[in-house]
Amino acid sequence: GRNPGAYPGDAYEKNEPKLRQLINYVCSFTRMSVESLLFTESLKIVGLYDLQGMDVTGYYMIVTECQTLTAEQMYSVCTRGAEKVILEGDTCHAQLTNHSIKYGKDGLSFLMDTIGDLDFVGRVRMDSEDDIVRQDYMKQIILRMMPALASFGREECLQ
């Protein structure tokens with residue numbers, strides 16, 4: 001969501017480190033190389049800072065790390081006109097310390113609180129068995145540390 005400023009490269013080069021896993025999934029699903037997807041414009045990578053005012057009608061939009069968005073940024077994402085929108089994030093890992101938050105919530109929580117009950121909005125909630133697919137030692141660390149989140153007022157993270 002933040003402007004990458006002086007980082008070298010185009011939108012793909014600036015965002016590739018953060019999107020590498022998602023790009024790998026898209027390439028695997030389409031059986032095309034990232035170069036082919038970008039060349040044919042079947043895949044476009046756009047930073048949030050460039051999204052305002054765009055019309056993405058006819059495209060599927062995948063937005064990662066939505067817990068880092070503000071409510072205003074989430075509104076901007078949801079009003080671009082995409083054919084389908086997939087929003088990925090974990091509200092237990094909201095990192096809004098550098099944002100101005102008018103609504104007191106991260107964008108993903110704001111979205112689910114305001115439109116989560118509409119019949120065309122789906123939600124996938126994973127538990128520790130579904131979500132933690134890292135090495136076993138990492139799973140043990142996460143399961144031990146999650147209860148500490150409750151002390152920060154994040155009781156929903158324990159569900």
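The values are calculated or read from the model by the stated rules, or taken from the named source; none is laboratory data. These figures come from a predicted structure and were not determined experimentally. All Cβ positions, glycine included, derive from the backbone under ideal geometry; neighbour counts span all protein chains shown. Just the protein is used for accessible areas: all its heavy atoms, side chains included, with ligands, DNA and RNA removed. Shrake-Rupley method; radii C 1.70, N 1.55, O 1.52, S 1.80 Å.
Of all the numbered requirements in (1) touching a helix residue (DSSP H, G or I) at 6+ places or on another chain (Cβ under 7 Å); (2) open to solvent by less than 40 Å² (accessible area, probe 1.4 Å); (3) without any contact (Cβ under 8 Å) to a residue 60 or more places away in the chain, SER33 misses one, and that requirement is (2).
Pairs meeting the criteria (first residue in the stretch 8-28 and closer than 13 Å to LEU43 by Cα, second residue at pLDDT below 80, beta carbons under 6 Å, at least 6 apart or on different chains) are ALA11/GLY47.
Total residues in the stretch 83-131 satisfying the condition of being in a loop (DSSP other than H, G, I, E, B) and either at pLDDT 90 or above or more than 21 Å from ILE45 (Cα to Cα) (or both): the figure is 27. Within the stretch 62-81, the set of residues being among the aliphatic types (A, V, I, L, M), modelled with pLDDT of 90 or more and over 20 Å from LYS105 (Cα atoms) is empty. Considered as a group, the residues in the stretch 47-61 that are farther than 17 Å from GLY107 by Cβ and assigned to a loop (DSSP other than H, G, I, E, B) include one that is most open to solvent (accessible area, probe 1.4 Å), and that residue is ASP55. Criterion first (crowded, with 16+ Cβ neighbours inside 10 Å and farther than 25 Å from ARG125 by Cα) does LYS44 satisfy it? Considered against the rule, which asks whether it is crowded, with 16+ Cβ neighbours inside 10 Å and farther than 25 Å from ARG125 by Cα, LYS44 comes out as no.
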